[in-house]
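**Q** Got a structure here, written out as structure tokens. Questions coming.
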Amino acid sequence: MPLPRLLIDQLSERLSAALGTTVDVEEAIPVGGGSINDAYRLGTDAGTFFVKTNQADRFPSLFEAEADGLERLRRAGALRVPRVIAFGEEQDTSYLLLEHIGGGGRDTAYWEELGRGLARLHAHTAPLFGLERSNYIGSLVQVNTPHASWPDFFIHCRLEPLVKRARDKQRIDGAMALRFERLFARLDHLFPQEPPALLHGDLWSGNILCAADGAPVLIDPAVYYGHREMDLAMTKLFGGFEDAFYGAYQAERPMEPGWRGRMDLCNLYPLLGHALLFGGSYAAQADACLKRFL
């Protein structure tokens, strides 16, 4: 769908303000990778940029939250993140205007740099688990009410809300919901104690890019301060990253013993989210993970 003329004019204005010179948008080419959004590559007389759009009332504050997450990751300085130029609304369309990242090829050095960078990102900490604002993971609202302990946060802000919604939508049955209740009583003893770590929050292969110079780039975050095993587990959910990534992470910031065995525990959260959104086999996968820890 072509971008409305009024939106193109506003993007030109926002680019002009950011760059300090008049910028004309010459073309807006639809591209893939927007997932729940529409995505475009903007050709301008000042270079190439990237914009995502959606209906303004479909996911309120979606792009504001994403811009906030990208800026938090950028300020951490651990890995490259697209520069946020602007976000806003034009009539009934919301948008997020970003630096455009050209593509390159992933090699061993790429995975090693990504592993070291993620370890450095996780070194950024906070007093509490959570975040002072809600955001999104995909199309699901992610509530980040701060908690003093990771098990409390994981229960009350991650698993419990999705269990209730999945039960209400009949994605899971009552027996599975009761199994989650049994798990909640054990969580204090399952996770090693660690300080809150700044997480990407949705770290699967579709949310990392390779820049033209070979550098890894983080996109589409769902940031919060959580247990760092959550990010590592997400990398394993849809096939896993290259071994060089895990080796470099371990060399930079070793994981606590048994972390690989806890991946299924961490991935209960994204699996429940997928079960809620898509149904299918995700609920069965979540139940199989759940039973491992009961």
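The values are calculated or read from the model by the stated rules, or taken from the named source; none is laboratory data. Being a predicted model, the structure only gives us computed values, none of them experimental. We place every Cβ from the backbone using ideal geometry, glycine too, and count neighbours over all the protein chains shown.
**Q** Filter the stretch 69-128 down to the residues that are basic (Lys, Arg), in contact (Cβ under 8 Å) with a residue 40 or more places away in the chain and more than 17 Å from Ser205 (Cα to Cα) and list them by number.
**A** Arg72, Arg120
**Q** Answer yes if at least one residue in the stretch 47-67 is part of a strand (DSSP E or B), crowded, with 20+ Cβ neighbours inside 10 Å, in contact with a His (Cβ under 6 Å, 6 or more places away or on another chain) and outside the structural domain of Met255 (by TED's automatic domain parsing), and no otherwise.
**A** Yes - at least one qualifying residue is present in the stretch 47-67.
**Q** It is to be established whether one or more residues within the stretch 84-106 are of a type in the set (Gly, Ala, Ser), touching a helix residue (DSSP H, G or I) at 6+ places or on another chain (Cβ under 6 Å) and either closer than 19 Å to Ala222 by Cα or surrounded by fewer than 20 Cβ atoms within 10 Å (Cβ to Cβ) (or both).
**A** Yes, there is a match, as at least one residue in the stretch 84-106 is of a type in the set (Gly, Ala, Ser), touching a helix residue (DSSP H, G or I) at 6+ places or on another chain (Cβ under 6 Å) and either closer than 19 Å to Ala222 by Cα or surrounded by fewer than 20 Cβ atoms within 10 Å (Cβ to Cβ) (or both).
**Q** For the stretch 220-231, indicate whether the set of residues that are charged (D, E, K, R) and either at positive phi or assigned by TED's automatic domain parsing to the domain that holds Leu73 (or both) is non-empty.
**A** So far as the stretch 220-231 goes, yes, one or more of its residues are charged (D, E, K, R) and either at positive phi or assigned by TED's automatic domain parsing to the domain that holds Leu73 (or both).
**Q** Pairs please, first residue from the stretch 18-43 and within 26 Å of Asn207 (Cβ to Cβ) and assigned by TED's automatic domain parsing to the domain that holds Val84, second anywhere and surrounded by fewer than 13 Cβ atoms within 10 Å (Cβ to Cβ) and among the basic types (Lys, Arg), Cβ atoms under 9 Å, 6+ apart in sequence or on different chains.
**A** These pairs meet every condition: Ile36/Arg58.
**Q** I'd like the residue in the stretch 247-281 that is crowded, with 20+ Cβ neighbours inside 10 Å and among the hydroxyl-bearing types (Ser, Thr, Tyr) and, out of all such residues, is nearest to Glu194 (Cα to Cα).
**A** Among them, the one singled out is Tyr249.
**Q** Let me ask something else. Name every residue in the stretch 70-111 that is farther than 19 Å from Gln55 by Cβ, among the β-branched types (Val, Ile, Thr) and assigned to a strand (DSSP E or B), in order of residue number.
**A** Passing the criteria: Val84, Ile85.
**Q** Out of curiosity, is Asp264 of a type outside the set (Phe, Trp, Tyr) and over 17 Å from Asp231 (Cβ atoms)?
**A** So Asp264 fails the test.
**Q** Have a look at Pro127, Pro151 and point out the one that is at pLDDT 95 or above, under 25 Å from Asp68 (Cβ atoms) and outside any strand (DSSP E or B).
**A** Checking each option against the conditions leaves just Pro127.
**Q** Starting from the stretch 46-64, take each residue that is within 9 Å of Ser94 (Cβ to Cβ) and list its partners that are among the β-branched types (Val, Ile, Thr), counting only C-beta distances under 8 angstrom and pairs at least six apart or across chains.
**A** Listed pairs, sorted by first residue: Thr53/Thr93; Asn54/Ile36; Asn54/Thr93; Gln55/Thr93; Ala56/Thr93; Phe59/Ile36.
**Q** State whether the residues of the stretch 228-247 include one that is in a loop (DSSP other than H, G, I, E, B), of a type in the set (Val, Ile, Thr) and in contact (Cβ under 8 Å) with a residue 24 or more places away in the chain.
**A** No, the stretch 228-247 contains no residue that is in a loop (DSSP other than H, G, I, E, B), of a type in the set (Val, Ile, Thr) and in contact (Cβ under 8 Å) with a residue 24 or more places away in the chain.
**Q** Now, a different point. Take Met234 and tell me if it is within 18 Å of the chain's Cα centre (by Cα) and farther than 18 Å from Phe180 by Cα.
**A** Yes, satisfied.
**Q** Within the stretch 78-93, identify whether any single residue is assigned by TED's automatic domain parsing to the domain that holds Gly47 and under 21 Å from Cys266 (Cβ atoms), and answer yes or no.
**A** yes
**Q** Looking only at the stretch 209-221, decide whether some residue is of a type in the set (A, V, I, L, M) and surrounded by fewer than 17 Cβ atoms within 10 Å (Cβ to Cβ).
**A** Checking the stretch 209-221: at least one residue is of a type in the set (A, V, I, L, M) and surrounded by fewer than 17 Cβ atoms within 10 Å (Cβ to Cβ).
**Q** Then there is this: Only one of Ile8, Ile29 is surrounded by fewer than 16 Cβ atoms within 10 Å (Cβ to Cβ), out of contact with any His (no Cβ under 8 Å at 6 or more places or on another chain) and not small (Gly, Ala, Ser); which?
**A** Just one listed residue meets the conditions, Ile29.
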